[in-house]
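The values are calculated or read from the model by the stated rules, or taken from the named source; none is laboratory data. Remember, predicted model here, so these are calculated numbers, not experimental data. Here Cβ is always computed from backbone atoms with ideal geometry, including for glycine, and neighbour counts include all displayed protein chains.
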Amino acid sequence: MTPGSPHAPLLEVDDLQVEFRTRDGVAKAVNGVSYTLEQGQTLAVLGESGSGKSVTAQAIMGIIDSPPGFVTGGRVLFRGQDLLTMSVGERQAVRGEKISMVFQDALSALNPVYSVGFQIAEMFRTHRGMSRGESKKRAIELMDRVKIPAAKDRFGDFPHQFSGGMRQRIMIAIAIALDPEVLIADEPTTALDVTVQAQIMQLLRELLQEMSMGLILITHDLGVVADVADKIAVMYAGKIVEQAPVHQIYANPAHPYTEGLLHSIPRVDRKGQQLSAIKGLPPILTRIPAGCAFNPRCPYAQDVCRSEEPPLFQIGGDRRSACHFWEDVLARTGTAFATGTGSETRPSEAAAAPAKPRKTPTTAKPAKVNRAER
Amino acid sequence: MGRYVIRRLLQMIPVFLGSTFLIFVMIHLTPGDPIQALSGNRPPDPGVAAQLREQYHLNDPILVQYWYYLKGVLTLDFGTSYSGQRVLDIMARAFPVTIKLALVAFAIEFAIGLPLGLIAGLRRGKLFDATTLISTLVIISIPVFVLGFVLQFVIGVKLGWIRPTVGEGAPLKELLLPGFVLGSLSVAYVLRLTRTTVAENVRADYVRTATAKGLARKRVVTVHLLRNSLIPVVTFLGADLGALMGGAIVTEAIFNVPGVGNTIFQAIKFGEVPTVVSFVTVLVMVYLLANLLVDLLYAVLDPRIRYE
């Protein structure tokens with residue numbers, strides 16, 4: 001992809017490496033992550049705390065606390081231009097203007113000593129050089145747009161005077177103020193009540209329809225993702241372990257980690273059955289296990305998983321899985337999940353896809369009995 | 001807000017009564033006879049002494065004396081000193097000098113402590129930070145009388161850049177060195193306080209948001225970071241202003257500044273009850289007002305604080 005090429009994707013993260021140099025050693029928070037986002041598309045990045053999903057977003061924004069965090073490799077291309085090699089000034093011009101971000105906890109992410117109106121209007125004043133009066137008018141319009149009741153009266157109120165949902169709306173108003181092309185939402189609903197979560201997601205969905213921006217939705221909540229995202233990237237220990245269009249992941253995951261995640265959410269059609277959690281804890285990033293990082297928690301782990309790190313196999317048109325036994329997972333989950341949502345991809349179809357560098361051993365189904373018991 | 005201020009002002013009345021009474025009693029308990037002190041080593045003339053004792057109500061019980069004093073203060077009559085000067089006149093001479101000195105010290109604290117603290121906080125762990133931390137530690141460790149005499153000797157006597165002592169009327173430029181000596185300790189504290197809060201807040205989420213909004217680094221620091229970091233610093237500076245107004249006995253003595261500290265020191269030495277009590281009372285009021293000002297400023301700086 002040549003820089004500035006018209007066919008470049010809106011945003012492309014390519015082999016991104018971020019490490020945190022701490023007293024306990026070097027933590028590889030992001031270890032070779034690649035994904036692309038097209039205009040108008042929504043990419044959901046899924047993973048537990050510490051999987052590197054937020055750090056990837058911070059690297060795109062250029063807001064990693066440094067030290068201890070350092071981007072040590074890879075590229076972040078916005079319309080073909082590498083953000084990582086830009087000058088400080090160029091980078092600053094992209095932030096807020098082209099790519100903007102909504103943070104998880106709006107109470108701490110908004111400045112407590114300035115009115116919300118000031119903080120929204122600041123976007124117009126600093127980026128567009130608008131006057132006080134004009135920027136105020138635009139800020140009130142924006143507050144209306146994110147559905148804050150009595151926006152005009154609340155312009156001068158401070159963040160602590162708003163409810164959690166309203167504060168997140170303010171946060172969103174700031175992020176969309178300048179019509180950015182990419183919006184990164186870092187767990188935008190995690191700190192909120194369930195009903196408010198739904199309202200915020202609804203708002204995001206409406207905004208996506210009105211504007212043609214691409215959205216990167218970072219979350220650990222599978223329920224939030226299903227009806228917003230176009231495609232999903234599942235992250236584990238700083239790497240993408242599975243990437244696929246959203247319906248395929250739900251119907252037929254190709255990685256044991258994704259499989260475990262899906263088993264851990266309540267589903268109407270599994271009423272009465274026990275929810276299963278993924279056993280164990282995510283690895284400490286300074287001590288990632290050899291081989292596949294997921295192997296200590298994986299019920300299907302084989303010797304090869306402990307010694308050899310699986311590459312991200314291309315397993316279908318736009319599907320990828322970083323599991324040595326992805327074919328087995330596909331076959332297993334194809335039947336396990338087929339009863340749930342309408343499965344659009346047959347396991348056999350996906351399995352028939354070409355391009356896999358390693359030959360898969362066929363003996364690898366040790367936990368099948370165990371699984372059937374559930 | 002208005003009601004809060006009124007309540008705070010009303011609270012000053014008992015503090016005023018209590019502090020004046022305590023000082024009144026304490027000064028009476030100090031050894032020595034003020035009438036004797038007037039005549040130095042010779043015994044005073046018995047007739048004159050008796051007349052003076054009568055004139056200053058020194059034979060009445062202490063509560064009665066206090067009552068006379070209070071009545072006077074409420075009509076802004078602070079009485080006359082035993083040496084025959086009106087206390088109000090003494091105040092009118094001493095306070096302007098001390099206010100000037102305090103403002104010089106205050107300005108130095110602000111102008112040196114705040115920017116250096118900001119830079120040190122932004123570069124935590126770097127060379128600049130370490131250097132300022134060590135030098136403030138040195139300043140904090142040196143007693144004021146050492147710093148005062150050394151600077152007076154080096155700059156005033158050896159180099160001859162300024163007059164070693166403050167002359168008549170205490171012109172501003174002669175107060176620069178005493179002001180620096182007086183403020184040096186607080187400079188160190190302001191610097192460290194600023195550094196700590198800045199270093200703490202620079203990682204705050206809202207600072208990251210400000211960066212993510214595409215604001216220039218300068219705006220992120222001055223508008224978003226500094227405003228939040230100022231809150232504890234302002235509290236300290238406000239309380240310090242009250243302390244500076246109290247004059248500095250040591251600094252004023254070294255540089256011969258005819259201010260409040262010097263005056264109180266002399267008055268205590270000569271057992272001048274009216275002078276000491278009046279000065280201290282005014283200082284207590286200044287202190288209370290400075291604290292009220294700090295609390296109100298606090299609410300201005302941080303909208304989450306509301307006084308009802």
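Give the residues of the range B:197-220 that are among the charged types (D, E, K, R) and either assigned to a helix (DSSP H, G or I) or more than 7 Å from chain A (Cβ to nearest Cβ) (or both), sorted by residue number.
Initially, the range B:197-220 is screened for residues among the charged types (D, E, K, R), giving B:200, B:203, B:205, B:208, B:213, B:217-219.
Passing the criteria: B:200, B:205, B:208, B:217, B:218, B:219.
Name the one entry in A:200, A:288 that is in a loop (DSSP other than H, G, I, E, B) and among the aliphatic types (A, V, I, L, M). Working first, answer last.
Working: A:200 fails: in a loop (DSSP other than H, G, I, E, B).
The match here is A:288.
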Discussion item. Can you tell me which condition residue B:64 does not meet? The list is (1) among the β-branched types (Val, Ile, Thr); (2) touching a residue at least 60 places away in the same chain (Cβ under 8 Å); (3) touching a His at 6+ places or on another chain (Cβ under 9 Å), and all the others hold.
Written reply: (2)
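From the list A:179, A:144, which residue is without any contact (Cβ under 8 Å) to a residue 12 or more places away in the chain and away from chain B (no Cβ under 11 Å)? Talk me through it step by step, then tell me what you get.
Working: A:179 fails: without any contact (Cβ under 8 Å) to a residue 12 or more places away in the chain.
Of the residues listed, the single one that is without any contact (Cβ under 8 Å) to a residue 12 or more places away in the chain and away from chain B (no Cβ under 11 Å) is A:144.
Each row is one residue, and each column tells you yes or no for (1) of a type in the set (Lys, Arg); (2) more than 22 Å from residue B:203 (Cα to Cα); (3) at pLDDT 85 or above.
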residue	(1), (2), (3)
B:86	yes, yes, no
B:103	no, yes, yes
B:113	no, no, yes
B:116	no, no, yes
B:130	no, no, yes
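Is it true that some residue in the range B:72-89 is out of contact with any strand residue (DSSP E or B) (no Cβ under 7 Å at 6 or more places or on another chain), within 23 Å of residue B:250 (Cβ to Cβ) and either small (Gly, Ala, Ser) or in a helix (DSSP H, G or I) (or both)?
Our first condition is that a residue be out of contact with any strand residue (DSSP E or B) (no Cβ under 7 Å at 6 or more places or on another chain); within the range B:72-89, this holds for B:72-79, B:81-85, B:88-89.
Next cut, within 23 Å of residue B:250 (Cβ to Cβ) only: none.
No: the range B:72-89 contains no residue that is out of contact with any strand residue (DSSP E or B) (no Cβ under 7 Å at 6 or more places or on another chain), within 23 Å of residue B:250 (Cβ to Cβ) and either small (Gly, Ala, Ser) or in a helix (DSSP H, G or I) (or both).
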Worksheet item: Got a sec? Which of A:108, A:115 is free of Cβ contacts under 8 Å to residues at least 12 places away in the same chain, at the interface with chain B (Cβ under 9 Å from one of its Cβ atoms) and among the hydroxyl-bearing types (Ser, Thr, Tyr)?
Response: A:108
Item to complete: Quickly run through the range A:63-102 and pick out the residues that are within 13 Å of residue A:16 (Cα to Cα) and within 8 Å of another protein chain (Cβ to nearest Cβ).
Response: none
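Would the range A:86-99 turn up any residue that is more than 16 Å from the chain's Cα centre (by Cα), of a type in the set (A, V, I, L, M, F, W, C), assigned by TED's automatic domain parsing to the domain that holds residue A:23 and surrounded by fewer than 16 Cβ atoms within 10 Å (Cβ to Cβ)? Can you show your working first?
Residues of the range A:86-99 more than 16 Å from the chain's Cα centre (by Cα): A:86-98.
This time we only want the ones that are of a type in the set (A, V, I, L, M, F, W, C), so: A:86, A:88, A:93-94.
Retained after the next criterion (residues that are assigned by TED's automatic domain parsing to the domain that holds residue A:23): A:86, A:88, A:93-94.
From what is left, the residues that are surrounded by fewer than 16 Cβ atoms within 10 Å (Cβ to Cβ) are A:88, A:93.
Within the range A:86-99, one or more residues are more than 16 Å from the chain's Cα centre (by Cα), of a type in the set (A, V, I, L, M, F, W, C), assigned by TED's automatic domain parsing to the domain that holds residue A:23 and surrounded by fewer than 16 Cβ atoms within 10 Å (Cβ to Cβ).
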Worksheet item: Being free of Cβ contacts under 8 Å to residues at least 12 places away in the same chain and within 14 Å of chain A (Cβ to nearest Cβ), is that true of even one residue in the range B:221-233?
Response: yes
Discussion item. I'm told residue B:114 meets every condition in (1) surrounded by fewer than 15 Cβ atoms within 10 Å (Cβ to Cβ); (2) assigned to a helix (DSSP H, G or I); (3) within 25 Å of the chain's Cα centre (by Cα) except one. Can you identify the failing condition by its number?
Written reply: (1)
Worksheet item: Does residue B:256 meet the test of being polar (S, T, N, Q), assigned to a helix (DSSP H, G or I) and farther than 30 Å from residue A:92 by Cα?
Response: no
Item to complete: Kindly indicate the residue of the range A:219-265 that is touching a strand residue (DSSP E or B) at 6+ places or on another chain (Cβ under 7 Å) and of a type in the set (Asp, Glu) and also surrounded by the most Cβ atoms within 10 Å (Cβ to Cβ) among those meeting that condition.
Response: A:242
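Any residue that is under 24 Å from the mean Cα position of the chain (by Cα) and surrounded by 13 or more Cβ atoms within 10 Å (Cβ to Cβ) - is there at least one of those in the range B:45-64? Quick ask: steps written out before the conclusion?
The initial filter retains those residues of the range B:45-64 that are under 24 Å from the mean Cα position of the chain (by Cα), namely none.
No, the range B:45-64 contains no residue that is under 24 Å from the mean Cα position of the chain (by Cα) and surrounded by 13 or more Cβ atoms within 10 Å (Cβ to Cβ).
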